[in-house]
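Participant: Dumping the structure here so I can ask a few things about it.
The values are calculated or read from the model by the stated rules, or taken from the named source; none is laboratory data. All figures in this text were calculated on a predicted structure; none of them were measured in a lab. All Cβ positions, glycine included, derive from the backbone under ideal geometry; neighbour counts span all protein chains shown. These accessible areas exclude ligands, DNA and RNA; they are computed on the full protein's heavy atoms, side chains included. Shrake-Rupley method; radii C 1.70, N 1.55, O 1.52, S 1.80 Å.
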Amino acid sequence: MKSTSSKRKASELGNGEFERQRIPADKQLSGTYFLGSYAGEHVAGTEFVIGASLVALGVSTSDLIWGLLIGNLLAVLSWAWLCSPIATRSRMTIYWYLERLAGKHFSIAYNLLNGLIFAVVSGAMVTVSASAFRVMTDIPPQTAWYPQSISFIALAIFVGAITVWMTVKGFKLIANFSSVCSPWMATMFLASGIVTVPILMHTGQLGGITSLNGVLDTFVWTGSTPDGAAGISVWVIAAWAWGANLPMHLGMSDMSILRFARKSSYGYFSAAGMYIGHFMAWICAGLMGATAALLAKSSLIEMDPGGVAFRILGAMGLIAVVVAGWTTSIPSLYRAGLAFQAVFDRFSRTQVTVATGAVTTVIACFPFVFTQWLNVLSYFIMLIAPVGAIIAAEHFLLPRLGIRPFWREQQGYATNLPAFGAWGLGIALGIVLLSLDAIHLFALFIPVWFVSFLGYPLMCRLAGAARRNDTSDPYEAAYGPVLEYGSTETAHAGYQPVNRRNPWYAIAVVCLVAILGLAVWGGINNEGAARLDTFQALIILPTLLYFVAATVWMKSRRKPRSPTAHTTSRRASVAK
């Protein structure tokens, strides 16, 4: 046993993943890494779906803007005040932390749920990518919960097969490619917003509406659903924006990333992702969807992401949808495969990934997953929320009650029954509130999280967790000493800063600015969509040049001296 443990430790120290080791001081990363990582993480395939869904749900313009501002702020504070302090004090992955907190059985249950969530996410994003390929055929848009065309099933299987193949054979390449794609996708979202506003304004002026707010309230965020029902409120929008990434912040999965941070304050850098991806991109996706429906003389609920993007951005819109879908579906499938492989460890990762990929491809054939994406995700959020609450209570509340973290481990119990009880209590409350229709589905995670957060310490007290806790520093007893950041010589050991003097970097930036400039030009004196076709044609060249320049620049960057494979891409985080 000692020999096996030593080999595992040596292996982890060699590959830089530290799955069962606390992050040493000389491997901790600067804030620059986390700023860039968060900024690129949240512009993906889900933004196309969520932005359009918020339009269909009937929120008003002012409620949307204020709701997103408030909700995203709460998400940032959840990272900065809860997830990041736990991660930087313990320096552990969430998987190792949970195993020490609650035991093997709890960890298995979490991995199964985690794998299921990522499998569904992957399947939904395969459907999104397939919607772009659909535009190039005569397959009709798939807007029902079931497939409406045999040809679409064949297309989904084809796209799913490519997704599985790339996940198994080329994940690292795709992870690097997603880093190249993220700035371009953010630019395309912003360009779509810029080019659609003049079209909406022109349409409004024809009807006697001259103000921007009036146009947006009339054609985009109308305050009512397409069937005339009342829309959702500012507080529901705020709750959705807060909870959309709950698995990462209040659910604590980002502990696996933030454990590399030198300071817990780096959690505030999540604001870059929230306000680029979950504010700007969602708003621009809504503008794009409403304008596409207006030009097509159709309802937005009758269009899919591929049809919307093609109508506004042309061929480059199709590429954006395919890339956005794949940069979400591939890492999600990778995570799902690893989560399931941790449970079914007699099978190889490749075998489990292929089997999981087959299931995700079947899911992709049923468009209800992405047409009802906000509801599907909300149910998963309710199921995962208690786990993060239990971790937060273990770290913040138990020491204040005279109970050291990891008391189960200290007292020699195989299973932490209070943890299972708190998880079950939270889910039971969610089911009751849902059945009584007492709270909106998007806000359901709030009472679920807090009842688990408060219920777990109470159950621990009743289970006798306070016994044998004779220590003056419960955190040091549980986690070990604080690992302070070391000498300045190691300041950039794990992160290679951006070399802005590289000419390829400059070319890439110029191309992105050119795309935005063309979007502004396309809106000047634009009567309806008169210049839209020209804009779509002109952005092809800077897009192609951007991908060439960004790819060459990425390859020319010097590799880090101290590899941190576990954090090179946030999308490469694994469930061990």
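Participant: Tell me the carbon and sulfur percent of the accessible area for the chain, rounded to whole percent, probe radius 1.4 Å.
Facilitator: 65 percent
Participant: Further question: So for region 187-247, what are the equivalent ellipsoid semi-axes in whole Å, largest first, each being the square root of 5 times an eigenvalue of the Cα gyration tensor?
Facilitator: 26, 18, 9
Participant: For the chain, what does the relative contact order come out to in percent, with C-alpha contacts under 8 Å and a separation of six or more?
Facilitator: Working: 974 pairs, mean separation 172.0, N = 576.
Rounded, it is 30 percent for the chain.
Participant: Per the helix-only calculation at 222 nm, which mean residue ellipticity applies to the chain, given -39500 (n - 2.57) for every DSSP H run of n ≥ 4 and division by its residues, nearest 500 deg cm²/dmol?
Facilitator: -21000 deg cm²/dmol
Participant: Among Ala154, Trp407, Leu287, flag the residue with its Cα farthest along the positive direction of the charge dipole of the chain, charges on Cβ as +1 for Lys/Arg and -1 for Asp/Glu.
Facilitator: Sorting the options by dipole projection puts first Trp407.
Participant: Using the basic label-point model (7 angstrom from Cα toward the beta carbon), what is the Val513 to Ala296 distance in nanometres?
Facilitator: If labels sit at Val513 and Ala296, their model points lie 3.5 nm apart.
Participant: Seen from all sides and averaged, what is the projected area of the convex hull of the Cα atoms in region 34-139, in nm²? Kindly include the intermediate steps, with their values, before the conclusion.
Facilitator: Numbers: hull surface 40.2 nm².
The number I arrive at for region 34-139 is 10.1 nm².
Participant: Post the alpha-carbon centroid distance, region 317-370 to region 264-293, in whole angstrom.
Facilitator: Taking the Cα centre of region 264-293 as reference, the centre of region 317-370 is 24 Å away.
Participant: By average Cβ neighbour count within 10 Å, what is the ranking of 184-196, 327-339 from highest down? Mind showing how you got there, number by number?
Facilitator: Details: 184-196: 24.6, 327-339: 27.0.
Peptide ranking by packing, descending: 327-339, 184-196.
Participant: I'd like to check one number: the per residue accessible area of the chain, probe 1.4 Å, reported in Å² as a whole number.
Facilitator: 40 Å²
Participant: Once all Cα-Cα distances of region 245-392 are split into 5 Å bins that start at 0, what whole-number percent is in each one?
Facilitator: Calculated over all Cα pairs of region 245-392, the distribution is 2, 7, 11, 16, 19, 17, 13, 9, 5, 1, 0 percent.
Participant: Picking from Met185, Gly231, Leu29, whose Cα lies most toward the positive end of the charge dipole for the chain (charges on Cβ: Lys, Arg +1; Asp, Glu -1)?
Facilitator: It is Leu29.
Participant: If R₀ is 56 angstrom, what is the calculated FRET efficiency for the pair Val343 and Ile524, using the beta carbon separation as r and rounding to 0.05?
Facilitator: The formula returns an efficiency of 0.45 here.
Participant: Let me know the longest stretch in the chain that avoids all GluC sites (Glu not before Pro) found in a DSSP loop with at most 13 other C-beta atoms within 10 Å.
Facilitator: Working: sites that count: Glu484, Glu527.
Result for the longest clean stretch: 1-483.
Participant: Please state, to two decimals, what the Cα-based radius of gyration of the chain comes to when divided by 2.2 N^0.38 Å (N = residues).
Facilitator: The value comes to 0.98.
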